[in-house]
Each structure stands twice: as structure tokens, then as C-alpha cells.
Amino acid sequence: EGIFFNTRDELCEACTANVFVKIDGVWHTPSLASGCLPGVMRELILERDASIHESLITREQFARAEEMFLTSAIRGMVPVSSCDERVLIRKMD
């Protein structure tokens, strides 16, 4: 799965899914201002969990992600085990 950044070098989305990342113990997902698509699962998760922040996530912040999961209406929530050859935690708490 590929990860896309916009022309301002901010995280947008994956090829076929929205992205959620845990950075410094806090869950984030790119804000719609990044250019990401407003996915159905993304919206559902944001409605159910107020602790997830819609943020502009730089490439440098993304590189510090401790955990990550992808969401899509077809696949649901999918934990990411590694990114750029870096192993990630797979708890999704």
C-alpha cells in the first residue's frame, strides 16, 4: 500500500484507504485540508472516538509514528505492521 503526501509535504492518505497514526502517544488522521478523501470509515471512527485529532501531519511527524492503521469501507480497520522498513506496534489502542 502506498502512502501519499501533498505538495506541502503533509500526509494525505494511502492508495485505497485513509491513514491513522499514533505520534507521541496521540492518535491523528490527516485533516480534510490536506486533500485526503473523506472516507466513510474515517468519518465513523472520528464520530466514535473524540480522542483522535484531525491534523496536518508533516513527513517528519509521520516518520515518528509509533502505530498506524488504514481504514476503508471495504477492508474496515487494518493495522500496519511496518512502514519504510520500520516495524510498528500493532495494538491499535
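Every read-out reported here was derived from the displayed coordinates using simple, explicitly stated rules and does not represent laboratory data. As the structure is a computational prediction, the values presented were derived from the model and not from experiment. Note that each Cβ is placed from the backbone with ideal geometry, even for glycine, and that neighbours are counted across all protein chains shown.
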I want to verify the translational diffusion coefficient of the stretch 3-85 in µm²/s; compute it with Stokes-Einstein, Rh as the Kirkwood radius over Cα pairs, at 20 °C and 1.002 mPa s. 171
Go ahead and collect, in residue order, the members of the stretch 60-82 whose backbone nitrogen is under 14 Å from a label point 7 Å along the Cα-Cβ direction of GLU1. 67-82
At what distance in nm do the modelled label points of ALA73 and SER51 sit from each other, each positioned 7 Å from its Cα along Cα→Cβ? 2.9
